[in-house]
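Here is the structure we will look at, set down as structure tokens.
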Amino acid sequence: MSSRQRLFRWLYRLGFTPWDGHPLAQSLTNLVEGGTLTPTTALDLGCGTGDNAVYLARHGWHVTGVDYIDKPLAKARAKAGGLPVVFAKADVTQLSSSGVGAGFGLIIDSGCLHGMSAADRDAYVAEVSAVAAPGALLLIVAFIPGGMTGVPGIGFEEVQRRFSAGWTLLSSGDEPAMDHNGANVARFYQFVRNF
Ligand SMILES: C[S@@+](CC[C@H](N)C(=O)[O-])C[C@H]1O[C@@H](n2cnc3c(N)ncnc32)[C@H](O)[C@@H]1O
């Protein structure tokens, strides 16, 4: 187990999870409720207690939520009821060997990539690319570096560079729903997987 995974396990045990229960990202609700998408399969990376995955399932998506900590996954399963959502224990840096499947039409990340090490970010991009369907949409919501959020953060140039092969950036901008008490430190990035 990595030191970061141990840290998350410890935070969930302590109940110190300030991200839990945050409002849904506007970039997510705009995308899902914008009337341009037909629901297919979705993957929620680092799903935590599952609010985003449950939201997608309520809008007709067949969702897989993955996280590498047991405690939030148990909470997520309790929230899901009879909705079409599966919560699985998996490391997002090892998705293609984790048994979660592939060919996802929509992949979302709310607050997972921005906390990862450089090596894990390398693996993440390769693994996310491997499980995305051609034409899949990828929505990442992440804090910028230096925002006093307690996570390393990731900036526009790095996100763009990391997804420069095989993905096309469709849009990006401020994410007001996760602005960290008005500090405007959250950004969204929407990509499409090239055919
Ligand atoms: C800041 S929380 C965000 C949770 C949720 N997405 C939300 O918006 O509330 C980050 C989550 O990513 C998970 N996570 C971080 N790195 C991961 C990895 N390599 N594989 C799977 N889950 C990971 C953590 O356990 C944690 O639940």
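The values are calculated or read from the model by the stated rules, or taken from the named source; none is laboratory data. Note that the coordinates shown come from a computational prediction; the quantities given were computed from them, not determined experimentally. Every residue, glycine as well, gets a Cβ built from its backbone with ideal geometry; the counts of neighbours run over all protein chains shown. With ligands, DNA and RNA removed, areas are computed over all heavy atoms of the protein, side chains included. Shrake-Rupley method; radii C 1.70, N 1.55, O 1.52, S 1.80 Å.
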Scanning segment 8-18 residue by residue, the ones that are open to solvent by less than 90 Å² (accessible area, probe 1.4 Å) and either within 9 Å of the ligand (Cβ to nearest atom) or under 16 Å from the mean Cα position of the chain (by Cα) (or both) total 5
Search result, residues across segment 47-70 that are outside any loop (DSSP other than H, G, I, E, B) and either farther than 23 Å from Gly15 by Cβ or more than 9 Å from the ligand (Cβ to nearest atom) (or both): Val54, Tyr55, Leu56, Ala57, Arg58, His62, Val63, Thr64, Asp70
Without any contact (Cβ under 8 Å) to a residue 40 or more places away in the chain, buried (at least 20 other Cβ atoms within 10 Å of the Cβ) and within 9 Å of the ligand (Cβ to nearest atom), is that true of Ala76? no
Give the number of residues within segment 79-104 that are away from the ligand (no atom under 14 Å from the Cβ), in contact with a helix residue (DSSP H, G or I) (Cβ under 8 Å, 6 or more places away or on another chain) and not in a helix (DSSP H, G or I). 6
Hey, among the residues in segment 154-192 that are at pLDDT 95 or above and either in a helix (DSSP H, G or I) or touching a Cys at 6+ places or on another chain (Cβ under 8 Å) (or both), which one's surrounded by the fewest Cβ atoms within 10 Å (Cβ to Cβ)? Glu157
